[in-house]
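Asker: Let me give you the structure first, and then I'll get to my questions.
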Amino acid sequence: MTVEEHVQPTARAVPDDGAPGAGGTVLAAATAPAAAGTAVAEPAASGTALPLVDVTAYASTGVARYPVAPGYRVNVRTGPGTQYAVVRLLPYGVSVPVYCQKPGQTITGPYGTSNIWDCIAGGEFVSDAYVRTGSDGYIAPRCD
């Protein structure tokens, strides 16, 4: 049993001229290099900063959205376990769509212990233990 790491970093904004300290909005992390004018989270465990992207920009698709546990910024991974790469970091207070679910590594989080991982975008997964679905079981079709 593993506890999925969540991140509660202090964020700093990077203005258009690249100097720290100007305004900006922290939304979510990704693995691509930061561009000028992009908000950047403090360095990850590997020592590299993760640029932030707007996850609210996705259009509504009619898929149910579920809130991530309050006070947590959860890692989004390429597969259903902590051995998979982190592709971005969810912001505080976000709700995520759950397109399908897949069994994987067992994780303990604020909503219990689960081996269910929620697919929130193409090839992007978060542990169901950090998403308030209202169920300890599957609430969406299984991913292929």
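Asker: Is segment 60-144 rounded, prolate or oblate when judged by the Cα gyration tensor, a ≥ b ≥ c being the square roots of its eigenvalues, rounded requiring a/c under 1.5 and prolate requiring a/b larger than b/c? Please list the in-between numbers first.
Answerer: Working: a/c = 1.08, a/b = 1.01, b/c = 1.07.
The shape class here is rounded.
Asker: At what distance in nm do the modelled label points of residue 65 and residue 85 sit from each other, each positioned 7 Å from its Cα along Cα→Cβ?
Answerer: With each label placed 7 Å out from Cα toward Cβ, I get 2.8 nm.
Values quoted throughout were computed directly from the atomic coordinates according to the rules given, and no laboratory measurement underlies them. What you see is a predicted model; the values in this text were computed from it and never measured. Neighbour counts are summed over all protein chains in view; Cβ atoms, including those assigned to glycine, are modelled from backbone coordinates with ideal geometry.
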